[in-house]
Amino acid sequence: MKFSELGLTKALLEAVERNGYEEATPIQAETIPMVLEGKDVIGQAQTGTGKTAAFALPILQNIDRDDPHIQALVISPTRELAIQTQEQIFQLGKEEHAKVQVVYGGADIRRQINSLKNHPQVLVGTPGRLLDHMNRRTVKLDHVKMLVLDEADEMLNMGFLDDIESIIKETPDERQTMLFSATMPAEIKRVGVQFMHEPHHVKIKAKELTTDLIDQYYVRAKDYEKFDVMTRIFDVQAPDLSIVFTRTKRRVDEISRGLEARGYNAAGIHGDLTQKSRSQILNRFKHGKLDILVATDVAARGIDVEDVTHVFNYDIPQDPDSYVHRVGRTGRAGHHGVSLTFVTPNEMDYLREIEKLTKVRMLPLKPPSEEDAFTGQLSNAEETVKDLVEKTDTDKYADMASKLLDQYEAVDLVAALLNDLTKDNSNQVPVKITPERPLPRHKGSGGSRNYRGGRGGHGGGHGRGGNGRHYGGRNNDSHHRYGSSKDRHDRGGNRDHGGNRDHRDHRDHKNSGGNKHGFTIRKKD
Ligand SMILES: Nc1ncnc2c1ncn2[C@@H]1O[C@H](COP(=O)(O)OP(=O)(O)OP(=O)(O)O)[C@@H](O)[C@H]1O
Ligand SMILES: [Mg+2]
């Protein structure tokens, strides 16, 4: 559907055009008119389908430019996502001169307090830092007309619910409330609707919970085999940009160091790093200066990096919803992607549970052999040689080249070049990843998804059970389940726009025409 049919102002239509969006995605087409009318909405649509603009555009339209109070509040589960969302709303609201600000943990609070003096009309934040500002009375929410919980099922999960309730309590009862996520388990939705007035649940009909733009594979391997198998897959498939998700922070460190030791351009982020490092690493990744980002679930939700071609689940996620969000870092905005999930022999039940939720059967991928990896490397080297030849100023090197050709056979010279361009897997750096405690034996034969247990605490109201086990995705980033709220809340990062896209510049958008996923993408100006 055309954006112009949705009731948006001229300025916002210009912003949409400037962003290169031609047609509204289904979630945008359905929710934008509803939000403009002031209705409460639960918006559920697959990852990468433009939910951010679905709430950002109508919010920007309904802001009263002459009112200096915070009129819209967007709450995000991680710092990285909060920053990204603020930037997207700011971009879309430029023509409208909307004041949009972000507050998140791990960053200088005094600086944030100073910026807040500019009277933002839209505020994006992570719960912990928002509460901090509220306690200091540097953020007041008594004029909030619109409230968004992005990644709502995560925000209403036990780890965050207390904080979310405390924040919502400070907003006016007559506010408009919106929940957005790709996943919305029924029990969490029940919690959410208690904060809403006659909500409309817009669920974009899709056969599967994950987008069919992602080819989903699984690879059976023992835990100690995974690292070597993964690097062979890198060699065979030559991904442009990959994200590797692991279960623990230690694994993030070990795997990113191991990849670097083997000559891959990789770095890791998790909740124990300083915000500064997290931001730097994510920015390098976003600007194409890093090929592989290794991460805990801190990067699983909402993060939008153009051209991520591969998502690896080095460790299978314990929670099926987490799988949906992790693999959803690829296959975004109409682009294709590949996901590969490692499964150890005793984790097959977890795989089946994920498939039950997504309604997609993952295809088995045979782990490549050392020879396969070498063949893959050679064919990548062939591409590199082609590029090198094209960009080399032959005249500059001609004399030395002739001299070398007199001294050596041409085949020997080219073989030496290929040797330099490929890694010699037969004497590669050994990398040992410390074994982690295996996932508990899966109990989920009866009923679906019941092994998450802990969610039961939400059952009949705002009660937060607390007796159950915690919803898996949450504790992935911190070993302790109810650990320090700082760690849980403020898993952040940074994003900056522009900058060069390096080697990614040449790639054209594969789906430049409209397609069934509702994306029509033009190259940005
Ligand atoms: N109508 C559109 N046409 C083309 N691209 C769009 C459109 N709307 C949004 N996009 C782009 O699609 C990408 C994904 O959007 P967004 O991050 O909002 O997805 P999402 O649905 O929130 O995904 P997730 O569930 O992972 O948070 C972004 O880069 C965004 O700029
Ligand atoms: Mg999103």
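Summary of computed values
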item	result
Residue within region 127-146 that is within 16 Å of ligand 2 (Cβ to nearest atom) and free of Cβ contacts under 8 Å to residues at least 60 places away in the same chain present	no
Residue in region 341-366 that is nearest to Pro239 (Cα to Cα), counting only those that are out of contact with any Lys or Arg (no Cβ under 7 Å at 6 or more places or on another chain) and part of a loop (DSSP other than H, G, I, E, B)	Leu365
Matching option when the condition is on the phi > 0 side of the Ramachandran plot and within 15 Å of ligand 2 (Cβ to nearest atom), among Gly43, Gly48	Gly48
Candidate set: region 235-257, residues that are touching a helix residue (DSSP H, G or I) at 6+ places or on another chain (Cβ under 8 Å) and assigned to a helix (DSSP H, G or I); chosen: the one nearest to Ala295 (Cα to Cα)	Ile255
Single condition Asp163 does not satisfy, out of (1) touching a residue at least 60 places away in the same chain (Cβ under 8 Å); (2) within 29 Å of Thr309 (Cβ to Cβ); (3) over 21 Å from the mean Cα position of the chain (by Cα)	(2)
Checklist (1) at pLDDT below 95; (2) touching a strand residue (DSSP E or B) at 6+ places or on another chain (Cβ under 7 Å) applied to Arg262, failing item	(2)
Given (1) in contact (Cβ under 8 Å) with a residue 12 or more places away in the chain; (2) closer than 30 Å to Phe180 by Cβ, number of the condition Arg352 does not satisfy	(1)
Scope region 78-103; condition touching a helix residue (DSSP H, G or I) at 6+ places or on another chain (Cβ under 7 Å), surrounded by fewer than 23 Cβ atoms within 10 Å (Cβ to Cβ) and either among the basic types (Lys, Arg) or not assigned by TED's automatic domain parsing to the domain that holds Ile63 (or both); matching residues	Lys94
Region 16-39, residues that are within 11 Å of ligand 1 (Cβ to nearest atom) and in a loop (DSSP other than H, G, I, E, B)	Asn19, Gly20, Glu22, Ala24, Thr25
Test: residue in region 162-177 that is within 30 Å of Thr25 (Cα to Cα), within 16 Å of ligand 2 (Cβ to nearest atom) and in contact with a strand residue (DSSP E or B) (Cβ under 6 Å, 6 or more places away or on another chain)	no
Residue in region 2-15 that is within 9 Å of ligand 1 (Cβ to nearest atom), part of a helix (DSSP H, G or I) and more than 25 Å from Arg301 (Cα to Cα) present	yes
Of residues in region 293-309 being surrounded by fewer than 24 Cβ atoms within 10 Å (Cβ to Cβ) and more than 16 Å from Gly268 (Cβ to Cβ), the one nearest to ligand 2 (Cβ to nearest atom)	Asp304
Some residue of region 156-179 being of a type in the set (Asp, Glu) and modelled with pLDDT under 95	no
Hey, Gly106 away from ligand 2 (no atom under 16 Å from the Cβ), more than 15 Å from Pro58 (Cα to Cα) and buried (at least 19 other Cβ atoms within 10 Å of the Cβ) or not	yes
Residue in region 189-213 that is farthest from the chain's Cα centre (by Cα), counting only those that are within 16 Å of ligand 2 (Cβ to nearest atom) and assigned to a strand (DSSP E or B)	Val202
Residues satisfying the stated conditions in region 306-340, i.e. outside any loop (DSSP other than H, G, I, E, B), among the hydroxyl-bearing types (Ser, Thr, Tyr) and under 25 Å from Gly288 (Cβ atoms)	Ser339
Selection count, region 41-65, where residues are free of Cβ contacts under 8 Å to residues at least 60 places away in the same chain and over 23 Å from the mean Cα position of the chain (by Cα)	5
Test for Val252: is it closer than 24 Å to Tyr350 by Cβ, within 16 Å of ligand 1 (Cβ to nearest atom), buried (at least 24 other Cβ atoms within 10 Å of the Cβ) and within 18 Å of the chain's Cα centre (by Cα)	no
Candidate set from region 51-77 (those that are more than 16 Å from ligand 2 (Cβ to nearest atom) and assigned to a helix (DSSP H, G or I)); member that is surrounded by the most Cβ atoms within 10 Å (Cβ to Cβ)	Leu60
Index of the failed condition, Phe285 passing every other in (1) buried (at least 24 other Cβ atoms within 10 Å of the Cβ); (2) in contact with a Pro (Cβ under 6 Å, 6 or more places away or on another chain); (3) not basic (Lys, Arg)	(2)
Qualifying residue in region 319-333 (condition: over 19 Å from Asp212 (Cβ atoms) and more than 16 Å from ligand 2 (Cβ to nearest atom))	yes
Subset of region 267-313 (residues that are on the phi < 0 side of the Ramachandran plot and among the charged types (D, E, K, R))	Asp272, Lys276, Arg278, Arg284, Lys286, Lys289, Asp291, Asp297, Arg301, Asp304, Glu306
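The values are calculated or read from the model by the stated rules, or taken from the named source; none is laboratory data. Here the structure is a predicted model, which means the values were calculated and not measured. Counting neighbours? That spans all protein chains shown, and the Cβs are built from the backbone with ideal geometry, glycine included.
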